[in-house]
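Participant: Below are the structure tokens for one structure; questions will follow.
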Amino acid sequence: MTYIKYLKVDSTAVITLARPDKANAVNGPMLDELDEAWSRAAEDRDVRVIVLNAEGKHFSAGHDMSGSDEALSGQESRASEPDRNQGLDWKNGGLASLYQWESKRYLGYSRRWRDIPKPSIAAVQGVCVAGGLMLCWPCDLIIASEDARFSDPVVRMGIGGVEYHGHTWEMGPRKAKELLFTARSMSADEAEKVGMVNRVVPREQLDAATMALAAEISEMHPFGLAQAKRAVNQTMDVQGFYSALQSAFDIHSTGHGNALSVCGYPVIVSLEEMKKTRS
Ligand code: ZN
């Protein structure tokens, strides 16, 4: 794997976002690798707890807007990574192509990770922007370091929020609206206050605190853990979580459709940025 590292520490699988030079910005191959890593952890009988962490200063800068993100650039596979984008071609295939690509990699993957019947813990430091939220929200628990900041600034680009609408569930409707309407970032302390993260620790203690919590949980009965997780997730699902995610994904996609119709690009960006991205 190029963008993801996978390690086993006793009965904990540690999945690491390993693209620190790009602040762990997310692209298609990285998401596919991440999904492979989640699958490996899910299928390994010796793994009782899954930790998702990130190398470098930041957890994730979100969608890779540099032009190497197949979803946004609509580029064919790069020569070095043939067939990894599985036919995404919004320049010819329009919104349908983008919808299918995002449906699988954003909504589909995040929903699948959320339902894997093993406890998972995300360890978040630095910035966690937009696409980064879709990586940590599916985890059962989140530990943030004091410098962590969470944001979803995509309203600036004419989109109503990222593909996986955890916002309302994670922080309640008013804070969700504030975060989206203002594009501001939420501090770790505020995220803890609204219940989005479990605890906040100093940056230098993030790894140790996460692994200690994983070790503590791994002492519990694995079937009991799976059932406890299912009970909580199922409670959210009968309140509409699952179908709300699908609805909000479709709303998100109309944002891309609107942007495509007005500027021929899946998000509304300034002309200068568009030229940069397309050159
Ligand atoms: Zn999208």
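The values are calculated or read from the model by the stated rules, or taken from the named source; none is laboratory data. Remember, predicted model here, so these are calculated numbers, not experimental data. Positions of Cβ are generated from backbone atoms using ideal geometry, with glycine treated the same way; all protein chains shown enter the neighbour counts.
Participant: Among the listed residues Ser247, Ser243, which satisfies the condition of being part of a helix (DSSP H, G or I), more than 16 Å from the ligand (Cβ to nearest atom), within 23 Å of the chain's Cα centre (by Cα) and surrounded by fewer than 18 Cβ atoms within 10 Å (Cβ to Cβ)? Let's see the steps before the verdict.
Facilitator: On the way: Ser247 fails: more than 16 Å from the ligand (Cβ to nearest atom).
Going through Ser247, Ser243 in turn, just one is part of a helix (DSSP H, G or I), more than 16 Å from the ligand (Cβ to nearest atom), within 23 Å of the chain's Cα centre (by Cα) and surrounded by fewer than 18 Cβ atoms within 10 Å (Cβ to Cβ): Ser243.
Participant: Give the residues of the range 31-49 that are small (Gly, Ala, Ser) and closer than 16 Å to Thr2 by Cβ, sorted by residue number. If you could, list the steps in order and put the result at the bottom.
Facilitator: Just the residues of the range 31-49 that are small (Gly, Ala, Ser), to begin with: 37, 39, 41-42.
Selection gives Ala37 alone.
Participant: Among the residues of the range 160-181, write down those that are over 12 Å from the mean Cα position of the chain (by Cα), buried (at least 19 other Cβ atoms within 10 Å of the Cβ) and either of a type in the set (Asp, Glu) or more than 16 Å from the ligand (Cβ to nearest atom) (or both).
Facilitator: Glu170, Met171, Lys175, Ala176, Leu179
Participant: Restrict the check to the range 182-193 and report whether at least one residue is hydroxyl-bearing (Ser, Thr, Tyr), surrounded by fewer than 18 Cβ atoms within 10 Å (Cβ to Cβ) and part of a loop (DSSP other than H, G, I, E, B).
Facilitator: Within the range 182-193, the first condition is being hydroxyl-bearing (Ser, Thr, Tyr), and the residues that meet it are 182, 185, 187.
From the residues that got through so far, the ones that are surrounded by fewer than 18 Cβ atoms within 10 Å (Cβ to Cβ) too are 182, 185, 187.
Now narrow it down to the ones that are part of a loop (DSSP other than H, G, I, E, B): 185.
Within the range 182-193, one or more residues are hydroxyl-bearing (Ser, Thr, Tyr), surrounded by fewer than 18 Cβ atoms within 10 Å (Cβ to Cβ) and part of a loop (DSSP other than H, G, I, E, B).
Participant: Can you tell me which residues in the range 22-49 are over 17 Å from Arg111 (Cβ atoms) and without any contact (Cβ under 8 Å) to a residue 24 or more places away in the chain?
Facilitator: First, the residues of the range 22-49 that are over 17 Å from Arg111 (Cβ atoms): 22-25, 27-30, 33, 40, 43-49.
Within the range 22-49, Glu43, Arg45 qualify.
Participant: Now a separate question. Kindly evaluate Ala259 against the criterion of being surrounded by 14 or more Cβ atoms within 10 Å (Cβ to Cβ), more than 16 Å from the ligand (Cβ to nearest atom) and either in a helix (DSSP H, G or I) or of a type in the set (D, E, K, R) (or both). Break it down stepwise before answering.
Facilitator: Values: surrounded by 14 or more Cβ atoms within 10 Å (Cβ to Cβ): yes; more than 16 Å from the ligand (Cβ to nearest atom): no; either in a helix (DSSP H, G or I) or of a type in the set (D, E, K, R) (or both): yes.
No, not satisfied.
Participant: Would you mind finding the one in Arg174, Arg203, Arg184 that is over 22 Å from Gly62 (Cα atoms) and among the basic types (Lys, Arg)?
Facilitator: Values: Arg203 fails: over 22 Å from Gly62 (Cα atoms); Arg184 fails: over 22 Å from Gly62 (Cα atoms).
Sole residue among the options that is over 22 Å from Gly62 (Cα atoms) and among the basic types (Lys, Arg): Arg174.
Participant: Just for the range 135-159: of the residues that are assigned to a loop (DSSP other than H, G, I, E, B) and within 16 Å of the ligand (Cβ to nearest atom), which one is farthest from Phe241 (Cα to Cα)? Outline the logic, then answer.
Facilitator: From the range 135-159, those assigned to a loop (DSSP other than H, G, I, E, B) are 137-140, 146-148, 152, 158-159; that's our starting set.
Now narrow it down to the ones that are within 16 Å of the ligand (Cβ to nearest atom): 137, 152, 158-159.
On the way: Trp137: 13, Asp152: 19, Gly158: 24, Ile159: 21 Å.
That would be Gly158.
Participant: Look through the range 5-21, keep the residues that are in a strand (DSSP E or B) and more than 14 Å from the chain's Cα centre (by Cα), and return whichever of them is farthest from Ser110 (Cα to Cα).
Facilitator: Initially, the range 5-21 is screened for residues in a strand (DSSP E or B), giving 5-9, 12-17.
Remaining after also requiring more than 14 Å from the chain's Cα centre (by Cα): 5-9, 12-14.
Details: Lys5: 18, Tyr6: 18, Leu7: 21, Lys8: 22, Val9: 24, Thr12: 20, Ala13: 18, Val14: 17 Å.
Across the range 5-21, the extreme among qualifying residues is Val9.
Participant: Only one residue in Lys275, Lys229 is away from the ligand (no atom under 16 Å from the Cβ), at pLDDT below 95, part of a helix (DSSP H, G or I) and not small (Gly, Ala, Ser). Which one?
Facilitator: Values: Lys229 fails: at pLDDT below 95.
Exactly one of Lys275, Lys229 is away from the ligand (no atom under 16 Å from the Cβ), at pLDDT below 95, part of a helix (DSSP H, G or I) and not small (Gly, Ala, Ser), namely Lys275.
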